[in-house]
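Have a look at the structure below, then the notes.
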Amino acid sequence: MTEIDPQLLRELDADRPGTAPGLLSNAEKDRHIERAFLGLYRWYLSRSQKTRNWNPDTSFDWRALRTNHSDRLNNLVEGFFAVEQYVPDYVTALLRVIRRSHGRSHFHIRWGAEEEKHSDLWHNALLFLRFRTPQWIEDFKQTLRARSWELPWDNPMHMIFYTVIQERATQVNYLNTALIAAGKSLLAHYRNDADPVLDEATRTIAVDEAAHYNFFLEGARLYLYYYPAQALEALADVIKYFSMPAARLIPNYANFSEIVAADSVYGPRQHLRDVLDVALENLSVHGRRALAQGIRLTRRVPHPDGSTHDTAIFDVLDCAAVREKVLRLYGRIAEFEKSVGFDLVDPVPLAPPM
Ligand SMILES: [Fe+2]
Ligand SMILES: [Fe+2]
């Protein structure tokens, strides 16, 4: 799907003047990325175990869940349930692509264990809402699982940007649903949908989604730091073709997506403003339009032998901000690893190369 000559992108990364990562060989860049992912995974695992160790069956008072919600809210829960039925595919499909990376693949297994709890949480919610019978839910589950989800991109760099956008979008979906469950929706048809159990459940998984988003964000920054031209192109590509996972697999997805869009849970406006704009800002990219423009200019540039390349693509990236955030990540990793003693046997570089 990449529209720019990949060779040109590789050359832009290699020839980029005045920057240290550009002076490293690809093997060295990959070693730095791999070591940082391992440290990031270790840090993430310790935090995840300490702060988000909830249980989808026992952490919520399911018996107290209301059983007289509006059909629209019931449909939202049913849609979230459906999307989370593909967790086995979300885990295995990408795991095959990143299995050689210790940090990234082990994180992915941990991430899958957390997503599996989301699947069970929505299953429980759907059962206790009494909107559908257990048999109906079982049949629906089997229909969903008869199909399998496939990767939208089959390379690690595109997928890190896909997961950044997807996790943020999922978080926005859940936070806006939590507002309904908290009785704060301004829409008349949700006026009687306040439900403390659903509110707590939805906010609990939204916190997980924020943690996932942050992991992928840190990983994406590593690619932007070490391979900026290729990473920006991957990001632009992902934004251009993005769709939520499983949208094409779920039989009644159109109904679900109509409700989330019409009720401002997750429509085009939320996608642009609350997902893309936020993610691009966090990635230190100067906005959607600038990104598209930078990519377009890069595409126009020929690369005759010996001449300098037009590096318009870099104008869209705040390289100093990326570097600062990557440095902060290295500091966080070093601090955590020191608490275990890794600094004695296999220290992470204190800073990425200057
Ligand atoms: Fe999830
Ligand atoms: Fe997630």
Quickly run through segment 196-233 and pick out the residues that are of a type in the set (D, E, K, R), over 17 Å from residue 55 (Cβ atoms) and out of contact with any Lys or Arg (no Cβ under 9 Å at 6 or more places or on another chain).
199, 233
What are the residues in segment 258-279 that are free of Cβ contacts under 8 Å to residues at least 12 places away in the same chain and either in contact with a helix residue (DSSP H, G or I) (Cβ under 8 Å, 6 or more places away or on another chain) or among the acidic types (Asp, Glu) (or both), if any?
258, 261, 267, 268, 277
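Counting only residues that are under 30 Å from residue 36 (Cβ atoms) and crowded, with 17+ Cβ neighbours inside 10 Å, which one in segment 73-90 is farthest from ligand 2 (Cβ to nearest atom)? Can you show your working first?
First, pick out the residues of segment 73-90 that are under 30 Å from residue 36 (Cβ atoms): 84, 86-90.
This time we only want the ones that are crowded, with 17+ Cβ neighbours inside 10 Å, so: 84, 86-87, 89-90.
On the way: 84: 9, 86: 12, 87: 10, 89: 14, 90: 9 Å.
Selected residue: 89.
Please work out which residue is nearest to ligand 2 (Cβ to nearest atom), limiting yourself to segment 208-255 and to residues that are charged (D, E, K, R) and closer than 20 Å to residue 319 by Cβ.
That would be 218.
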For residue 47, the lone unmet condition from (1) at pLDDT below 95; (2) under 30 Å from residue 211 (Cα atoms) is (1)
Starting from segment 321-343, keep only residues that are touching a residue at least 12 places away in the same chain (Cβ under 8 Å), then list their pairs with residues that are among the charged types (D, E, K, R) and part of a helix (DSSP H, G or I) whose Cβ atoms are within a distance under 6 Å, requiring at least 6 positions of separation or different chains.
322/221; 325/221; 326/221; 329/218; 337/343
Tally of residues being farther than 28 Å from residue 67 by Cβ and either in contact (Cβ under 8 Å) with a residue 12 or more places away in the chain or of a type outside the set (A, V, I, L, M, F, W, C) (or both) across segment 115-163:
17
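Checking the conditions here, which among 19, 92 is among the β-branched types (Val, Ile, Thr), modelled with pLDDT under 95 and more than 30 Å from residue 188 (Cβ to Cβ)?
Working: 92 fails: modelled with pLDDT under 95.
Every option except 19 fails the conditions.
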What helices (runs of 4 or more DSSP H), lying completely within segment 101-220, carry at least 3 residues that are within 15 Å of ligand 1 (Cβ to nearest atom) and within 21 Å of residue 87 (Cα to Cα)?
102-129, 156-181
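The values are calculated or read from the model by the stated rules, or taken from the named source; none is laboratory data. Treat the numbers as computed from the prediction; the structure is a model and nothing was measured. Cβ atoms come from the backbone with ideal geometry, glycine included; neighbour counts cover every protein chain shown.
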